[in-house]
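What follows is a single structure, and I will ask about it in a moment.
The values are calculated or read from the model by the stated rules, or taken from the named source; none is laboratory data. Computed from a prediction, not measured in an experiment: that's the story for all the values here. Every residue, glycine among them, receives a Cβ derived from its backbone with ideal geometry; neighbour counts consider all protein chains shown.
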Amino acid sequence: MPTSSRLLQPPTVLPAIGKHRAKALETVGIRTIRDLLYYVPRRYLDRSTIVPMTDLHRCLNQNVTCIGRVSGMLLMGRTRLRLVVTLRDEHGSMDIVFFHGLPYWKEAFSHDEVIAVSGTITQYGRRPNMVHPEIDRLQDEESFEFINTGGIIPVYPSSAELERVGLNRRAGFRRIIREALNRFAEAVEDPLESHSPDGIRARHALVPLRTAITHIHRPPSHEALTDARRRLVFDEFFALALRQALRKRHTESTPGIAFQPSSPTARALVERLPFTLTRAQRKVLHEIISDLARSAPMNRLLQGDVGSGKTVVALLAMLLVVDNGYQAAMMVPTEILAEQHMRTVVKLTEGLGVPVHLLVGQQPPSYRARVMEALAAGIPCIVIGTHALIESGVVFGRLGLAVIDEQHRFGVLQRAALRRKGPAPDVLVMTATPIPRTLTMTLYGDLDVSVIDELPANRRNITTAVRFEEDRPRVWNFIRSEVKRGNRAYIVLPLVSESEKLDLKAATQEYEMLAAGEFRDLRVGLLHGQMPSREKDETMERFVRGEIDILVTTSVVEVGVDVPDATVMVIEHAERFGLAQLHQLRGRVGRSEKQGYCILMTDKRIFSRGKSTPDEQIECRAARLRLETIRDTLDGFRIAEADFTIRGPGDLWGTQQSGFPQFRVADLRLHGDILREARDEAFRIVARDPHLRAPEHAGLRELTVETFREDMEISTTA
Ligand code: ADP
Ligand code: MG
């Protein structure tokens, strides 16, 4: 058997693993020996990171690990029962506290048992405390030995399933990993192994793969562990970047359309715009036009904060394409947005002789049939639409440019589907959710990126404030005074439930209450996702025209809607929204020379330390952080960075649909430098050897297919 395929055997080749354990391992994604070797510890315990209990008062609010013997246990509290377990080491003592699962925890410890606890140190009375810490039992001899000899103990991620079959975080897992290493470590081949002294490994000071895998599980020292981790992180980024480089190369070598860069219609539009383009808009337009002029298909991401003026840039590109005798399609996530773009584009292109069509889910069949006919006939035009554009019945005779607006709201497949409506159209994806640079490289590593990093000069700042229920009368008065000055307001309600019906009810109730009560002398409107699109459209139109003063809405208004006279946005239960969403929502106001206001209504309890459960406390802290971030900064990129540090990449907007790679070892928040290093290397190699045919690159080909599973195949296809 060749060495690498030995690693692809199922874990059951290990004596310690039978059918049941194999099943349990599968639940955490371990199907092969290789998966097992790459199942890296979540953290490590060792003497040097353990804090003696006498020092705990210096570690308040820090995350630490302590080791002690269980010396007491007490149920306390009248209204809210909690279990307090006292631990002792040679020097002092501390308490660990449980609020949930008391029946379990009451029985979980025996007197004098030695445990390691990891968590945040808080203070209760004068005693150091840890609430619901992570617990590792150190009863087995080996753990003692490890700790006492200064060794480092790996702790593995665990799950109920694994525990059930005796594969607990530490001892159980350590045993099977040891077995796997003993029998299979020598079968690990290094794809970066090279016989030349200036090979990749040498260039980046990487340890051999076999060493890295062995040391990540059994680190002989901290330095060895750092080296091992660095190597595995590099590999993950490198494999991803190689795939992106290859894909980019592939796109670029497909013959596409080389458009004539001069466009009388686009020029005419620039001349009649009521504003001059910003420097940043001109810069990205230039980048886009030079892409369009090349015969290789464009594959570009246009990033720009809300209100930075992406639409007009896209429109100019579309006009250029139409002037060349091709069709340009723009896909947006909602009908409201499609209709708004339609209005904008129709108004701006009036008299220029460019046909503009709308294609959405709900429209008269005869209109729809006419649009589809024109598209199939290949008549040069602009078409704006929703997912309706990618339905199988929609055929483009001459698609030259596909624009995807607010791309994070689309799945990977939907974006790919629009691209496939033509043989090799140019593709421009636009996003108003700025994301950190490292994330851009990971998610869109095979795209070229343009950034509009400047807002039009006439934008005033938006004032953002956090307000509580007791401020309600002032908030309502403020809305009233703005309306008196001819401005308009949004009142945004969060989605309150999984059920659309209930949300609808909540929004309707709020609307009725305000329309018949507080604001009965003003014109109040209601907008929500479940309204028929004609009605939505009508309401929106009336709001734009100023026939509605206050629009009560669910978050359907979030994406891209543009009403210059809307100056106030009140967001109810702002704590329930994510940062990106809050930023997007706020972008709806302050879109003209008028000063905008965003008022975040929330529960005062979020800002006070009431008696609440630890889970609630954690949630409150996160909510507070989100609201403060939004209040204190307008810069979308900084907000994105904050969101990234609060939640990590896994939870970021849209990363799920985008097929965000699940790294095993790498953490984008920590390893940005390694990412850049690996990426530069990968692109350099592919530039020199586009098909990885050189003998010294044989291992790399394998790396690109092995490290990620099939679902990665499409992940960066915009
Ligand atoms: P977004 O980038 O969020 O999609 P839009 O394209 O909707 O932003 O532009 C927001 C508003 O700014 C629109 O009303 C648009 O007409 C206007 N706008 C675009 N470019 C400029 C500019 N250079 N100067 C002034 N206003 C502009
Ligand atoms: Mg937009």
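Mind counting the residues in segment 186-200 that are modelled with pLDDT of 90 or more and surrounded by fewer than 18 Cβ atoms within 10 Å (Cβ to Cβ)?
Going through segment 186-200 one residue at a time, the tally reaches 1.
If you take the residues of segment 561-606 that are buried (at least 21 other Cβ atoms within 10 Å of the Cβ) and basic (K, R), which of them is nearest to ligand 1 (Cβ to nearest atom)?
R591
Out of V84, V64, I need the residue that is of a type in the set (A, V, I, L, M, F, W, C), surrounded by 15 or more Cβ atoms within 10 Å (Cβ to Cβ), at pLDDT 80 or above and more than 28 Å from S221 (Cβ to Cβ). Which one? Steps first, answer last, please.
Numbers: V64 fails: more than 28 Å from S221 (Cβ to Cβ).
None of the others qualify; the one that does is V84.
Within segment 51-70, can one find any residue that is without any contact (Cβ under 8 Å) to a residue 24 or more places away in the chain and among the aliphatic types (A, V, I, L, M)?
Among the residues of segment 51-70, at least one is without any contact (Cβ under 8 Å) to a residue 24 or more places away in the chain and among the aliphatic types (A, V, I, L, M), which makes the answer yes.
Pick out the one residue from S481, S497 that is modelled with pLDDT of 95 or more and assigned by TED's automatic domain parsing to the domain that holds V589. Before the answer, list the steps.
Values: S497 fails: modelled with pLDDT of 95 or more.
So the residue among S481, S497 that is modelled with pLDDT of 95 or more and assigned by TED's automatic domain parsing to the domain that holds V589 is S481.
Is it true that E223 is without any contact (Cβ under 8 Å) to a residue 12 or more places away in the chain and either crowded, with 16+ Cβ neighbours inside 10 Å or away from ligand 2 (no atom under 16 Å from the Cβ) (or both)? Show your work before the answer.
On the way: without any contact (Cβ under 8 Å) to a residue 12 or more places away in the chain: yes; either crowded, with 16+ Cβ neighbours inside 10 Å or away from ligand 2 (no atom under 16 Å from the Cβ) (or both): yes.
So E223 fits the description; yes.
Tally up the residues in segment 281-317 that are among the small types (G, A, S) and within 16 Å of ligand 1 (Cβ to nearest atom), please.
Number satisfying all stated conditions: 6.
Tell me which strands (runs of 3 or more DSSP E) are completely within segment 38-141 and hold 1 or more residues being of a type in the set (D, E) and closer than 30 Å to A212 by Cα, or say none if there are none. I'd like the intermediate steps shown before the answer.
Values: elements: 43-46, 63-76, 82-88, 93-98, 114-124, 127-131, 134-137.
Strands (runs of 3 or more DSSP E) meeting the threshold: 43-46, 134-137.
What's the total number of residues in segment 389-406 that are in contact (Cβ under 8 Å) with a residue 40 or more places away in the chain, away from ligand 2 (no atom under 16 Å from the Cβ) and either at positive phi or of a type in the set (V, I, T) (or both)?
So the count comes out to 1.
From A687, A678, A622, A718, which residue is at pLDDT 80 or above, buried (at least 19 other Cβ atoms within 10 Å of the Cβ) and not assigned by TED's automatic domain parsing to the domain that holds L413? Write out each step before concluding.
Numbers: A687 fails: buried (at least 19 other Cβ atoms within 10 Å of the Cβ); A622 fails: buried (at least 19 other Cβ atoms within 10 Å of the Cβ); A718 fails: at pLDDT 80 or above.
Of A687, A678, A622, A718, the one residue that is at pLDDT 80 or above, buried (at least 19 other Cβ atoms within 10 Å of the Cβ) and not assigned by TED's automatic domain parsing to the domain that holds L413 is A678.
Let me ask another. Condition check: among the polar types (S, T, N, Q) and either within 16 Å of ligand 2 (Cβ to nearest atom) or exposed (fewer than 15 other Cβ atoms within 10 Å of the Cβ) (or both). Does T349 satisfy that? So that I can check it myself, show each step before the final result.
Numbers: among the polar types (S, T, N, Q): yes; either within 16 Å of ligand 2 (Cβ to nearest atom) or exposed (fewer than 15 other Cβ atoms within 10 Å of the Cβ) (or both): no.
Answer is no for this residue.
While we're on this one: Out of the residues in segment 387-408 that are closer than 26 Å to G587 by Cα and more than 16 Å from ligand 1 (Cβ to nearest atom), state the one that is surrounded by the fewest Cβ atoms within 10 Å (Cβ to Cβ).
We begin by selecting, within segment 387-408, every residue closer than 26 Å to G587 by Cα; these are 387, 402-408.
From what is left, the residues that are more than 16 Å from ligand 1 (Cβ to nearest atom) are 387, 402.
Numbers: H387: 20, A402: 28.
Among those that are closer than 26 Å to G587 by Cα and more than 16 Å from ligand 1 (Cβ to nearest atom), it is H387.
To continue, here is another question. Could you tell me which residue of segment 431-470 is nearest to A239 (Cα to Cα), considering only residues that are away from ligand 1 (no atom under 16 Å from the Cβ) and basic (K, R)?
Checking each candidate, the answer is R437.
Next question. Considering only segment 291-331, state which residues are within 16 Å of ligand 2 (Cβ to nearest atom) and either more than 32 Å from the chain's Cα centre (by Cα) or hydroxyl-bearing (S, T, Y) (or both).
Listed by number, the residues that qualify are S308, T311.
Do you know which of the residues in segment 1-57 that are farther than 24 Å from V165 by Cβ and polar (S, T, N, Q) is surrounded by the fewest Cβ atoms within 10 Å (Cβ to Cβ)?
Top of the filtered list is S48.
If you check G411 against the conditions, is it within 31 Å of the chain's Cα centre (by Cα), modelled with pLDDT under 90 and away from ligand 1 (no atom under 16 Å from the Cβ)? Break it down stepwise before answering.
Details: within 31 Å of the chain's Cα centre (by Cα): yes; modelled with pLDDT under 90: yes; away from ligand 1 (no atom under 16 Å from the Cβ): yes.
Yes: the conditions hold for G411.
Each row is one residue, and each column tells you yes or no for (1) assigned by TED's automatic domain parsing to the domain that holds P473; (2) among the hydrophobic types (A, V, I, L, M, F, W, C); (3) within 16 Å of ligand 2 (Cβ to nearest atom); (4) within 17 Å of I639 (Cβ to Cβ).
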position	(1), (2), (3), (4)
E575	yes, no, no, yes
L579	yes, yes, no, yes
Q584	yes, no, yes, yes
K594	yes, no, no, no
C598	yes, yes, no, yes
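Hey, among the residues in segment 246-268 that are among the hydrophobic types (A, V, I, L, M, F, W, C) and in a helix (DSSP H, G or I), which one's farthest from D689 (Cα to Cα)? Show your work before the answer.
So in segment 246-268, the residues among the hydrophobic types (A, V, I, L, M, F, W, C) come out as 246, 257-259, 266, 268.
Subsequent filtering for residues that are in a helix (DSSP H, G or I) retains 246, 266, 268.
Details: L246: 10, A266: 40, A268: 45 Å.
Out of the qualifying residues, it is A268.
Right, here's the next one. Output yes when any residue across segment 318-329 is of a type in the set (F, W, Y) and within 16 Å of ligand 1 (Cβ to nearest atom), and no when none is.
Of segment 318-329, the ones of a type in the set (F, W, Y) are 326.
Checking the rest, the ones that are also within 16 Å of ligand 1 (Cβ to nearest atom) come to none.
No: segment 318-329 contains no residue that is of a type in the set (F, W, Y) and within 16 Å of ligand 1 (Cβ to nearest atom).
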